[in-house]
1. Provide the convex hull volume over Cα atoms per residue for chain B, in Å³.
2. Among B:S66, B:Y265, B:G233, flag the residue with its Cα farthest along the positive direction of the charge dipole of chain B, charges on Cβ as +1 for Lys/Arg and -1 for Asp/Glu.
3. Given the pairs B:K93/B:K219; A:K425/B:K115; B:K65/B:K93; A:K422/B:K202; A:K425/B:K155; B:K161/B:K237, which span a C-alpha to C-alpha distance of over 25 angstrom in this model?
4. Limiting things to C-alpha atoms, what are the Rg and the maximum Cα-Cα separation (Dmax) for segment A:101-167, in angstroms?
5. Using 0.36 nm times the number of residues separating A:I424 and A:V309, minus their current alpha carbon distance, what extension gain do you get?
6. Hey, if you put +1 on the Cβ of every Lys and Arg and -1 on every Asp and Glu Cβ in segment B:101-258, which of B:I182, B:G142, B:G244 ends up farthest toward the positive end of that dipole?
7. For segment A:336-429, state the semi-axes of the equivalent ellipsoid (square roots of 5 times the eigenvalues of the alpha-carbon gyration tensor), sorted largest first and rounded to whole angstrom.
8. What does the helix-only formula give at 222 nm for chain A: each DSSP H stretch with n ≥ 4 adding -39500 (n - 2.57), the total divided by the residues, and the result rounded to the nearest 500 deg cm²/dmol?
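Read-outs: derived from the displayed coordinates by stated rules, not from any lab. From a predicted model like this one, the values you see are computed outputs, not experimental measurements. Methodologically, a virtual Cβ is constructed for each residue, glycine included, from the backbone with ideal geometry; neighbour enumeration extends over all protein chains shown.
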Amino acid sequence: MTKPYYEFKPYNVGRWIVWSLFALVLLGAPLVFSGNLSITMLSQMGIAIIACLSYNILLGQGGMLSFGHAVYTGLGSYMAMHALNAAADGQWPIPVSLIPLVGGVAGLFFAILFGYVTTKKAGTPFAMITLGMAELVFAMSLMFSEFFGGEAGISGNRVVGEAFMGISYGPPRQVYYLIAVYTFVCVGLMFAFTRTPLGRILNAVRDNPERVEFIGYNTQKVRYLAFMIAGFFAGIAGGLGALNFEIVTAEVVGAARSGGYLLFTFLGGATFFFGPIIGGILMVLAAVLLSELTKAWLLYLGLIFLFMVMYAPGGIASLIMMNLRVASFGKLREVWVAYLALGVTALVVLLGGGAMVEMIYHLQLDAAMGDVVKYLGMSLHPKDAGSWFGAAFVTLTGLGIFELTRRQFSAQWAEIQTEIEKEIKRRETQ
Amino acid sequence: MSSATSTADTGRFEQAMSHVHAGGYALELRDLRKRFGKTEIIRGVDLAVRPGERVAIIGPNGAGKSTLFNLISGRFEPSSGEVLLNGHRIDGKKPFEINRLGLSRSFQITNIFPKLSVFENLRCGVLWSLGYKYTLFRFLAGMDDANQRADELMKMIRLDKKHDTLAMNLTYAEQRALEIGITIAGGANVILLDEPTAGMSKSETSRFIDLIREVTVGKTLLTVEHDMGVVFGLADKIAVVVYGEVIAFDTPEAVRANPKVQEAYLGSVLADEQAASAGH
C-alpha cells in the first residue's frame, strides 16, 4: 500500500526546505541585527522559543493548563548556575557548552519529582496543583538562601578556563550561537516528539481522556511522561538563560514568569506546532521593546491577550493558517480591503485609547514630572479637559467605525468559508 | 496485513485465550451487583456468553443496561460479584487493563477524538495492540503495520475518503461509524456496543447493522439496542434486563414467547410499535 502520510519523512522536500530556512535564519540573524541589544534579544528569543515550545507540550498537545512552568525553567537555571560555578572552581570538569544540559537534567528530575503529584489529575485540579507547586517552590527559593542565593540570587562567570578554538563564550555573539544550536536541536526534537506514538496519544488524551482509557492507555502515565519531556526542555531553556545572563534570581521561578509562558504560548498559538515560536519571539519583543516604549506595556499586553482569547483563541498561528487556507482557494484577494479597513480603524482606536492610558499613567506615576505628556509627537495635557475630550472622541469614533467594519468583515468571511466548504465537497465527490 | 501485525495480534490474545478451557465462556458475570448510595441498580446479574456469540441486551429505560456495560468495561467498580473475561477475573481492574486483555467497548454518546483526523483516530486505536505502547523513539510514519491496519479499518467503516477530515467535521452517522472503528481497532475479541444506532434514521440503521455484522465477524458481541427489528435480526441470543435483573436469556424466538418477558417489557414495546405503525 502506498498511501502518502503527511508526516515526518527524511525525504520530504518541503520539510527539508523549512528546516534549512530555520537554520539559515538562526545563523544569519546576528549578521542582520548586529547591534549589542539585538544580539542579546536574539539570544533571549532562542531561549523563549524553547521555553514556550516545551510549555506547549503541556498546553497545546496535552491539554494541560500549567500555571507553574517557570518552576522547571527556573530550577534548571539554578542547577546550571551551580554547575557553572563548580566548573569555574575546577570541582567539576564540564565544558560550558554542556551546562544547559545540566539544566535539562535538573528540569527532568524536578518534573519526575513534582509531576508525579501534578499529573495525577487532569483539567482544573491539574491547573490548581501546578499553581500550588509554583508557590511552594517560590517560597522555598526565598527560604533556602544557600541554594537560591536569597533575594540577590546567585551569579557566575561563563568564561571558564582557556578559550577552545577561539570560543570563550565571553562575547555575546558566541553565546548567541550556542543558544542557536540548542534552539535548532530542541525545536527539531520537540517537533519529532509530535510524530511519535506517545506524542499522538498525548493529543488523544487532550481531546478525550476517557476514550483513551478504553483503547489500552493509562492516561495518567501519558500525562506524566509528557510532563517529564516538557520539564527536560524547560530545564534546557533555563540553563541557557543562566549562561546568557550570568545571574539567576528568585524571579525565574516566580508566578509572573509562569504567566508569561502561558500568555505568549497562547498568543503565538497553542494549536499549531510553530505557534509558540512566534510566541517566544513576541515575548522578548514585548519585554524589551514595548517596555521601553511605554510604562503601561503590561496593560497593553493584557488587552491584547483579552482580545485574542475572545476573537482568535487559536492565536496568531491559527490566524496565519486560516488565511493560508483562504489563499489556497484563491480568495484572499476578496478580503484585503476589509483587512485594510480593520487595520486602519484599529489603529485609530489604539491612538485614542493609548492617549488616555498614557495620561492616566502620567497622572498616577509621573505627576511630579510636569503637566505635559509627549505622545507620538503630540503634547497632551492630562489636567486639561480638552485633551481628554479629544482622546475620547478619537477612541469612540474609531470604535464605532471598527465595529461596522468588523460586522461587514464577519459576514464576508463566513461567506468565503461557506464557498470553501462547498468547493471541498465538490472535490470530494469527483 | 503484514506478518508483524498478525504476530502482535496473536501475542496479545495468547495469554487471555490460554485460560479458555473447552466449553469456556468469553464473558461471564456472576451475581454482579452495583449500588449507588442506598439504591441497588444492578441486582445480582448472572450471564454467560460463549465465544463468537452475538448477544443483544434489551430492557426499558433505566433498567441498568448501560450500567452493566460500565461494570464490565471497568468504568465503574462492581459493589460485589465477579466478571470473567476468557476465564480471567477482570472486576475491579482499570478500563485500560481490561482493554489490554481483549475487551473493547463503544459508547452511547459518541466518544471519539474530535481534533484528530479519521486516520489518526483509528491509528490511536491500533497502537497499543501492535506493541507500540508509550513509544518515544520511533516515528509513526515508519510503523507500516499500524498505518496499514488503520487504512484497512478506514475502508471497513467506509470512511476511506475522509482520511484527513477531522473527526469533529464528520456527519453524525460517520462519527458513529468511527466510534465502531476505534472500538474494533485494537483487535479485541469481546466487543461491547452501547446503542450503536442511537439517533440514526431507519435506512441508516439497517446499513449500519450490516456494517456491524461485517466488522465483528468471529468476535463475541454484546450490544444494547432499542430497535426490536435490529435486535431480532442481529442477535443469536437476547438478554432481557428489567430493574437490574436479567429476567430472561435465550434465543430470540424463546424470548419472544416468554410470558414473563411479554408481561414485563416486550408486550408494551410491541404494542407501542403496533400502535405507532397503525397511526401512520
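1. Values: hull volume 39.8 nm³, N = 280.
It comes to 142 Å³ per residue, whole-number rounded.
2. Looking along the dipole axis, the top candidate is B:S66.
3. Details: B:K93/B:K219 22 Å; A:K425/B:K115 20 Å; B:K65/B:K93 20 Å; A:K422/B:K202 27 Å; A:K425/B:K155 19 Å; B:K161/B:K237 36 Å.
Where the Cα-Cα span goes over 25 Å, the pairs concerned are A:K422/B:K202; B:K161/B:K237.
4. 17.0, 52
5. Details: separation 115, 0.36 × 115 = 41.40 nm, distance 2.88 nm.
Between A:I424 and A:V309, full extension yields an extra 38.5 nm.
6. B:G142
7. On the way: eigenvalues 374, 27, 16 Å².
The answer is 43, 12, 9 Å, longest axis first.
8. Working: 16 runs with 305 residues, N = 430.
Per the formula, -24000 deg cm²/dmol.
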